[in-house]
Amino acid sequence: MTPEPYDADIDAPERAVGFVVDEDRGSLPYHLVHGEALVAAAAWAMGEAGVDLVDVTVPWSIVADQGRPLVLHDPLCPMTPPEFIAECVRVAAVRDVVVAAVRPVTDTVKEVADGQLGRTVDRDGLVALVSPVVLPAKVVAALPGLPATDFVELVTSLRASYDVELVEAPPAARRVASDADLRVLEALTQPS
């Protein structure tokens, strides 16, 4: 069963605001997936999830003073389902925690010591950060400015001061790093 977007619930929290973070991601956010730029697909998903998009040129004080959760969406995860984004907002607002979407690690991970390849790391305890990252209103109000655009850096720094809940994202939320990854994502998310 797919959850409804949070703004459709009677007891839902106030709508979130959000950014599609394309900074420091090269030109890949402007490549196409299903005929649309990744940034456009990410922005569409945010709107469908009930998130009010804010331009990154809006002063941080205006964003923070709204008292609303903030959704950071990475266009390199362009097919993240709107229902999942809405559920992450719901969890952040209801539990008053930072929510970070993750996917299980499927690649083989090896230790390296002194330039030598070592043992294989058990990947059962490993996750890869994807999108979105949702900050509850109290965290937004406490930050001095726009958070880091590197989501790993952001979540790592937030864990030092706040509760961070990792939520497993659906396969469609996978991160892309190349045009080859985009073709795999398109095959995975082919409309029926």
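Just so it is clear, none of the values below were taken in a lab; they were calculated from the coordinates. Keep in mind it's a predicted model, so treat the numbers as computed, not measured. In this analysis, Cβ positions are derived from the backbone assuming ideal geometry, glycine residues included, and neighbour counts consider all displayed protein chains.
Of note:
- Within the listed set E83, E111, E168, the Gaussian network model of the chain (springs between alpha-carbon atoms below 10 Å) gives the highest mean-square fluctuation for E111.
- The chain - share of DSSP beta bridges that are antiparallel (%, nearest 5): 55 percent
- Residues whose amide H falls under 5 Å from that of A16, counting only those 5 or more places apart or on a different chain, are D52, with hydrogens built in the peptide plane.
- Choice from E153, E23, E165 with maximal GNM fluctuation in the chain (Cα, 10 Å cutoff): E153
- Nitroxide proxy distance, nm - points 7 Å out along Cα→Cβ at A177 and A128: 0.7 nm
- Considering only R15, R103, R95, the mean-square fluctuation computed in a Gaussian network model of the chain, springs between alpha carbons under 10 angstrom, is largest for R95.
- Here the relative contact order of region 6-188, from alpha carbon pairs under 8 Å that lie six or more residues apart, stands at 26 percent.
- Amide H within-cut-off set for A128, under 5 Å, with H built and near neighbours excluded: R103, V105
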